[in-house]
Amino acid sequence: GGIYLGGVGSANKLDDYEEGTFNLTMGGYYGNPTTTQLIPATYTKIGNTVTFIANKGGVNNTGAGGNMWFTGLPFATTGNYPVGGIHLTSIGTYPSNTAPFTHIAGTIVYAMRHISNGSAEAIFHNTSTNGEVYLSGTYQTNS
């Protein structure tokens, strides 16, 4: 099946549209948080493009350490490493003059920050029992 948009040629046929929910699992280089944190998320997939939004308050990342990342995207990337947005309240350590962003590879979302001349490094966990995570992104998949 499918629907034709703006013409009847094969390039105008939309035959893959999907919406759904999933959970991202927050992890860290030195271990997952003592209390596993699932970050509820939604996604929309149109053709090979996936857009997602995830948000959770009351995040407890006790026991986490090192680089912060989130696993469990619903589809793997094609190898393009797109950048998405992220907001961390009380759980990420990065200077106030740097803007955090995400680096997506496979089904993992890495929390990153700019350091200088386009260079970037990972955001580390800043342990909190009542933090907030908001992240979003758009990427391409072969699925």
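The values are calculated or read from the model by the stated rules, or taken from the named source; none is laboratory data. Every value quoted in this text rests on a predicted model; they were computed, and no experiment measured them. Note: ideal-geometry Cβ built from the backbone for every residue, glycine included; neighbour counts use all protein chains shown. When the accessible area is computed, the model is the full protein with side chains, heavy atoms only, and any ligands, DNA or RNA have been set aside. Shrake-Rupley method; radii C 1.70, N 1.55, O 1.52, S 1.80 Å.
Going through 92, 72 one at a time, which residue ends up being at pLDDT 95 or above, out of contact with any Gly (no Cβ under 7 Å at 6 or more places or on another chain) and under 14 Å from residue 27 (Cα atoms)? Break it down into steps so the answer makes sense when it comes.
On the way: 92 fails: at pLDDT 95 or above.
Answer to the check: 72.
Annotation note: Cβ proximity below 6 Å between a residue of the range 104-118 that is among the charged types (D, E, K, R) and a residue that is modelled with pLDDT under 85 (sequence gap 6+ or interchain) occurs for 113/94; 113/98. Evaluating residue 40 against the criteria (1) surrounded by 15 or more Cβ atoms within 10 Å (Cβ to Cβ); (2) in a strand (DSSP E or B) leaves one unmet condition, (1). Selection of the range 10-36 for residues being assigned to a loop (DSSP other than H, G, I, E, B) and either modelled with pLDDT of 95 or more or more than 17 Å from residue 107 (Cα to Cα) (or both) yields 15, 16, 30, 31, 33, 34, 35, 36. The number of residues in the range 65-103 that are surrounded by fewer than 17 Cβ atoms within 10 Å (Cβ to Cβ), of a type in the set (Ser, Thr, Tyr) and assigned to a strand (DSSP E or B) comes to 3.
Taking every residue in the range 1-27 that is in contact (Cβ under 8 Å) with a residue 60 or more places away in the chain and pairing it with any residue that is open to solvent by less than 80 Å² (accessible area, probe 1.4 Å), at least 6 positions away or on another chain, the pairs with Cβ-Cβ distances below 6 Å are 24/39; 24/41; 24/54; 24/70; 24/72; 26/37; 26/70.
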